[in-house]
Amino acid sequence: MSLVRRSGNTFPSIFDDFFDRGWFDWGNAQLSATNTTVPSVNVREKTGTYEVEMAAPGMNKEDFKVELDGNLLTISSSKEHEDKKTEEGYSRQEFSYQSFRRSFNFPKDVVDEDKIEAKYENGLLRLTIPKKEASKKKGPRLINIS
């Protein structure tokens, strides 16, 4: 392989921009701009509910904060770990900090706030968000013509 040096006023190649975006680096699909992982989320709308599933293995239910502010649902987590050891003149201190925040907008005045259920089990956070009766999509009905 040989190196090619560009000189003078050249326009950036369209291919340089395309390949620099990481289009073919599928392994990093869940990385944020700071190269930290963001949990994958599935949101499904059913007739009477919305269902949200977040893959977050290795966490505890106490690690999550779930808030509904109007029609904005926010799932976040902040976790700190510190490990200090001192033995025979050696000292070691390790710490880590993990956090994420995911937000989702639901249609205005559709969510029944008082009946939201959340469950964390086997690395999966599941939210069941019921719709208000008035906003549930009703099936087709026959309208009489007079």
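The values are calculated or read from the model by the stated rules, or taken from the named source; none is laboratory data. Since the model is a prediction, treat every value here as computed from it, not as a measurement. Every residue, glycine as well, gets a Cβ built from its backbone with ideal geometry; the counts of neighbours run over all protein chains shown.
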Report, by residue number, each residue of region 59-101 that is loosely packed, with under 13 Cβ neighbours inside 10 Å and hydrophobic (A, V, I, L, M, F, W, C).
LEU72, PHE95
Picking from SER103, SER78, the residue that is over 18 Å from GLU62 (Cα atoms) and not hydrophobic (A, V, I, L, M, F, W, C) would be SER103
For region 65-93, give me each residue that is more than 32 Å from the chain's Cα centre (by Cα) and of a type in the set (Ser, Thr, Tyr).
THR86, TYR90, SER91
If you take the residues in region 88-120 that are small (Gly, Ala, Ser) and modelled with pLDDT under 85, which one is farthest from GLY48 (Cα to Cα)?
GLY89
Hey, any hits in region 102-119 for a residue that's more than 30 Å from GLU133 (Cβ to Cβ) and surrounded by 10 or more Cβ atoms within 10 Å (Cβ to Cβ)?
no
Determine whether PRO39 is in a loop (DSSP other than H, G, I, E, B) and either surrounded by 10 or more Cβ atoms within 10 Å (Cβ to Cβ) or in contact with a Cys (Cβ under 9 Å, 6 or more places away or on another chain) (or both).
yes
Matching residues, region 120-139, being among the basic types (Lys, Arg) and surrounded by 10 or more Cβ atoms within 10 Å (Cβ to Cβ):
ARG126, LYS131, LYS132, LYS136
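Results for (1) assigned to a strand (DSSP E or B); (2) free of Cβ contacts under 8 Å to residues at least 12 places away in the same chain; (3) in contact with a His (Cβ under 8 Å, 6 or more places away or on another chain); (4) under 17 Å from LEU124 (Cα atoms), shown as yes or no for each residue.
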position: VAL52; (1), (2), (3), (4): yes, no, no, yes
position: MET59; (1), (2), (3), (4): no, no, no, yes
position: GLU62; (1), (2), (3), (4): no, yes, no, yes
position: GLU67; (1), (2), (3), (4): yes, yes, no, no
position: ILE75; (1), (2), (3), (4): yes, no, no, yes
position: GLU80; (1), (2), (3), (4): yes, no, no, no
position: ASP83; (1), (2), (3), (4): yes, no, no, no
position: SER91; (1), (2), (3), (4): yes, yes, no, no
Only one of ASP17, ASP69 that is charged (D, E, K, R) and modelled with pLDDT under 90
ASP17
